[in-house]
Amino acid sequence: MYAVGDVVRRPDPVTGVGVRVESRANATEQALVVAANILGDARVHASVPYFWSDQYDTRIQVHGRVGSGDRVRYLEGTAADDRFVALTESDEGRATAAVGWNHPRGARAAHAHLTTAPSRP
């Protein structure tokens, strides 16, 4: 049995906690994995959550999940610049999210710093 879409709750590949990732991109990724599996492939769905929002003239993009105790490490710019790219890191030093503030290209590039463990869709 398969289920896909932004209403699907599945274990987070990092924490194991059941989560829903409510984005069009995630639903599309899930559907591609399920279609491949129906056709006999043995693919797994391991995506990084993503959201973006335009707030007046500010574009905010986040890949991953920011934890309550995560530290911020700026890769380019700072909050004072009103344009930056940053990574949030756990106490263990693992990158948990890439955050872009008025920096779409930098946010996409910073996404490469994130990894997920595979899990079934």
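For the stretch 52-116, list the strands (runs of 3 or more DSSP E) that sit wholly inside it and hold at least 1 residues that are under 18 Å from Ala25 (Cα atoms) and at pLDDT 95 or above; which are they?
58-64, 95-101
So which of Arg9, Arg20, Arg24 is over 13 Å from the mean Cα position of the chain (by Cα) and of a type in the set (Lys, Arg)?
Answer to the selection: Arg9.
Only one of (1) within 18 Å of Ala109 (Cα to Cα); (2) surrounded by 15 or more Cβ atoms within 10 Å (Cβ to Cβ); (3) free of Cβ contacts under 8 Å to residues at least 40 places away in the same chain; (4) more than 14 Å from the chain's Cα centre (by Cα) is not met by Asp70, so which one is it?
(1)
How many residues are small (Gly, Ala, Ser), surrounded by 13 or more Cβ atoms within 10 Å (Cβ to Cβ) and closer than 18 Å to Leu114 by Cβ if we restrict to the stretch 1-45?
Summing the residues that are small (Gly, Ala, Ser), surrounded by 13 or more Cβ atoms within 10 Å (Cβ to Cβ) and closer than 18 Å to Leu114 by Cβ in the stretch 1-45 gives 2.
Please go through the stretch 46-67 and pick out each residue that is of a type in the set (D, E, K, R), closer than 16 Å to Pro104 by Cβ and surrounded by 12 or more Cβ atoms within 10 Å (Cβ to Cβ).
The answer is Arg59, and nothing else.
When you go through (1) of a type outside the set (Ser, Thr, Tyr); (2) surrounded by fewer than 13 Cβ atoms within 10 Å (Cβ to Cβ); (3) in contact (Cβ under 8 Å) with a residue 24 or more places away in the chain one by one for Ala80, which number turns out not to apply?
For Ala80, the failing item is (3).
If I filter the stretch 37-49 for residues that are in contact with a helix residue (DSSP H, G or I) (Cβ under 9 Å, 6 or more places away or on another chain), touching a residue at least 24 places away in the same chain (Cβ under 8 Å) and within 14 Å of Gly100 (Cβ to Cβ), do I get at least one hit?
Scanning the stretch 37-49, I find at least one residue that is in contact with a helix residue (DSSP H, G or I) (Cβ under 9 Å, 6 or more places away or on another chain), touching a residue at least 24 places away in the same chain (Cβ under 8 Å) and within 14 Å of Gly100 (Cβ to Cβ), so the answer is yes.
Are there any pairs, at least 6 apart or on different chains, whose C-beta atoms fall under 7 Å, with the first in the stretch 8-36 and closer than 25 Å to Ser90 by Cα and the second surrounded by fewer than 13 Cβ atoms within 10 Å (Cβ to Cβ) and of a type in the set (Gly, Ala, Ser), and if so, which?
Arg9/Gly18; Arg10/Gly18; Pro11/Gly18; Pro13/Ala117; Val14/Ala117
The values are calculated or read from the model by the stated rules, or taken from the named source; none is laboratory data. Note that the structure is predicted; figures quoted are calculated from it, not measured. Counting neighbours? That spans all protein chains shown, and the Cβs are built from the backbone with ideal geometry, glycine included.
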